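This report refers to the structure that appears directly beneath it.
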Amino acid sequence: MFSMEIDWVNFTPFASLLGGVILGLASVLMLILFGRIMGISGIVGTALERPKNDTLWRLVFIAGLISSAVIFAPFVDIARTVPIETNIWLIVLAGLLVGYGTRLGSGCTSGHGICGISRLSVRSLVATGVFMVAGIVTVAIMQFVF
């Protein structure tokens, strides 16, 4: 059922810390330099809507997200890749529910969890708490069902 053991193979505190610092720095720079909140769902959602004057920077941002993964891929230890062993339709459903939730909550974990909490936004504190509780409950349910 639930294990309290540490998975030492996937325990990467330094890489995780570095990733957090990079995300934090990127969000601060985007706010200071461009006056924009780095909420991925908002950036992607607005870029997919009808063209506006500020669509280009959104497309460049999305291209940067994708290209950074491609550039970083050769440096990832393939042996540590975790295979996904679940139904593809369950993954699709989960993605659709996350997309619906980001629209319902007016943002995602990057917008509320990183940018909103750092600005001490009460709305973002509540939204992030709801994200966390929903994630914990979902994992608990999935442990029992599957």
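Where a number appears in this text, it was derived from the coordinates with a stated rule and is not lab data. Please read these numbers as outputs of a predicted model, since none were measured by experiment. All Cβ positions, glycine included, derive from the backbone under ideal geometry; neighbour counts span all protein chains shown.
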Expected-Rg normalisation [2.2 N^0.38 Å, Cα atoms] applied to region 12-77: 1.28
Contact order normalised by residue count of the chain, Cα under 8 Å, 6+ apart, percent: 30
Nearest-ten-degree value, helix 13-34 long axis tilted from longest Cα axis of the chain: 20
Rounded to 10°, Cα long-axis angle of helix 55-72 versus longest principal axis of the chain: 40
Angle in degrees between helix 88-104 and the longest Cα principal axis of the chain, rounded to the nearest 10: 40
Candidates Ser106, Ser67, Ser118: whichever shows maximal mean-square fluctuation once the chain is modelled as a Gaussian network with Cα springs under 10 Å: Ser67
Rounded to whole Hz, the Karplus (6.51, -1.76, 1.60) HN-Hα couplings of region 127-136, x for glycine and proline: 4, 5, x, 5, 4, 5, 4, 4, x, 5
Karplus 3J(HN,Hα) series, Hz, for region 119-126 with 6.51 cos²θ - 1.76 cosθ + 1.60 (x for Gly, Pro): 8, 6, 6, 4, 4, 6, 4, 5
Orientation-averaged projected area, Cα convex hull of the chain (nm²): 11.1
Dipole in debye (nearest 20) - the chain, about Cα centre, beta carbon charges: Lys, Arg +1; Asp, Glu -1: 640
